[in-house]
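Working notes, structure below.
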Amino acid sequence: MENDDYQPLLRRRRNSYLKWTESQVLEFLELVLDLVKDVPESLEKPTAQKFYTKVMESTAMISHVQYVGGYRLRYSIQKFWLGRSRASVARYSTVLDGDQITIGDVVSRLKKPENLHLVPQKYVNYAPDGTVQLNQSALHHLRWMLQKDLLKQDMFLLGSPGPLRRQLVMQYLELTQRELEYVALSRDTTESDLKQRREIQHKNSMYYDQCAVRAALHGRLLVLDGVEHCEQNVLPVLNNLLENREMHLESGKFLMAPDRYDKLLETHTKEQLEELGILRVSEHFRVVALGLPVQKYKGTPLDPPLRSRFQSRHVSFYTFSELYDELHQLTPNVPGNQLKQLLTFGLTLQKADEDIKLPDFPIHNLRRVAQMLQTNPSLSLHDVISTVYPFQSILNADQQKRIQELFTSLQIQPMSTQGVQEITANVEVDRRQYQMEALWI
């Protein structure tokens, strides 16, 4: 297109009451996508100004567009880009050291792990052609995690109780071939459980590195599971490690950021730095925290300075259709209407009004419930739900009434089962009866 062809579009763009036609917008997006197809990460916010500068240098069409509308343009391009390439994960070669992973428009190179036993396995299902079998919700979460990893940012996954957040982290580690350091936090967790533990061996005091130090030195991903259970004065010891990648150790050594350590190597040798007790933090070191929102669930809120170190994301349950497809593929013999009733019941309780104070339905146990229905066809849906959600035992009368109303609205009725023959537990009576029968014989 010549510059004269851009003038009508520029006049429409300058006049706020005139709108671009759909064909003009698509033509414009195609032009911009051709410029950034090789570097899609340039659409990220930290490089937005550089991105528009590069585009304007070679495109007269938007030479007069102000930066104030940049976020709208970036959103339109990202939406159009994702529409063209579906969110999927693919491996491009069978050699692990030369692989790269692509999730949507985010691409990352894979590196062969040094300790393969520290890489989670069997959390991801692969198709015969090598592609990963994951639903769209999981792919969106994994794409976000891959983005933050490339930007060298730590992550904080929030959500309802259950293993979903932990499974997403394990899937991400398996896909990216990253090594794991895991610690389950509790009220008994102390600073020594995160940094270094001191022990006496052969009358000598020895320091042993714990999960945070090992992850920082070897470039592993540190998972802090259950941050809401930890005491408020324990996790702040990681503040400096999260912000500056530096931390003092009890043994007298010092963890230093990789860029500062590399500058010291220009004037010192590695052996000299080791004698000084200076250790290099790997540039691949990342932290992922898993927690619950303390406004709804019991726990200790995070310290504000510590909370600001993370990029947070809320991990909600998968959609109705994704859960239904998963359960139907797992248990093909269970009628589809029963699976839909089961999902409707569980998701309705998850979105119930907080004033009612109903306990959450264990969505992560839906697979077990479906397997129970397939293994025992004689069981009714009411019986199975009562097994995993014993509302008659844990709820008060008003709450039980709400559950019964939900059963009625979903047409889930209890079925009469065959009575169980009574078993006598009085051993003494049975022994005397046996002796009397023996005497008559």
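Of all residues in the stretch 232-270, which are open to solvent by 30 Å² or more (accessible area, probe 1.4 Å) and of a type in the set (A, V, I, L, M, F, W, C)?
If the condition is that a residue be open to solvent by 30 Å² or more (accessible area, probe 1.4 Å) and of a type in the set (A, V, I, L, M, F, W, C), then 237, 254, 264, 265 are the ones that fit.
Considering only the stretch 182-194, I want to know if a residue exists there that is touching a residue at least 60 places away in the same chain (Cβ under 8 Å) and in contact with a helix residue (DSSP H, G or I) (Cβ under 7 Å, 6 or more places away or on another chain).
no
So in the stretch 250-293, with the set limited to residues that are among the aliphatic types (A, V, I, L, M) and part of a strand (DSSP E or B), which one is farthest from residue 151 (Cα to Cα)?
Among those that are among the aliphatic types (A, V, I, L, M) and part of a strand (DSSP E or B), it is 278.
Hey, any hits in the stretch 199-209 for a residue that's closer than 22 Å to residue 302 by Cβ and either modelled with pLDDT of 90 or more or surrounded by fewer than 17 Cβ atoms within 10 Å (Cβ to Cβ) (or both)?
Among the residues of the stretch 199-209, not one is closer than 22 Å to residue 302 by Cβ and either modelled with pLDDT of 90 or more or surrounded by fewer than 17 Cβ atoms within 10 Å (Cβ to Cβ) (or both), which makes the answer no.
Would you check which residues across the stretch 123-181 are open to solvent by 30 Å² or more (accessible area, probe 1.4 Å), of a type in the set (Phe, Trp, Tyr) and touching a helix residue (DSSP H, G or I) at 6+ places or on another chain (Cβ under 8 Å) and list them?
123
Quick one: count up the residues across the stretch 180-191 that are of a type outside the set (Lys, Arg) and either at pLDDT below 90 or out of contact with any strand residue (DSSP E or B) (no Cβ under 7 Å at 6 or more places or on another chain) (or both).
Qualifying residue count for the region: 5.
Select, from 306, 330, 290, 302, the only residue that is touching a residue at least 12 places away in the same chain (Cβ under 8 Å) and within 18 Å of residue 365 (Cβ to Cβ).
Being touching a residue at least 12 places away in the same chain (Cβ under 8 Å) and within 18 Å of residue 365 (Cβ to Cβ) holds for just one of 306, 330, 290, 302, which is 330.
Can you pull out every residue in the stretch 265-303 that is more than 27 Å from residue 172 (Cα to Cα), within 37 Å of the chain's Cα centre (by Cα) and aliphatic (A, V, I, L, M)?
278, 279 - these are the residues of the stretch 265-303 that are more than 27 Å from residue 172 (Cα to Cα), within 37 Å of the chain's Cα centre (by Cα) and aliphatic (A, V, I, L, M).
The values are calculated or read from the model by the stated rules, or taken from the named source; none is laboratory data. What you see is a predicted model; the values in this text were computed from it and never measured. Backbone-built Cβ (ideal geometry, glycine too); neighbour counts: all protein chains shown. Accessible surface is based on the protein model in full, side chains and every heavy atom, while ligands, DNA and RNA are left aside. Shrake-Rupley method; radii C 1.70, N 1.55, O 1.52, S 1.80 Å.
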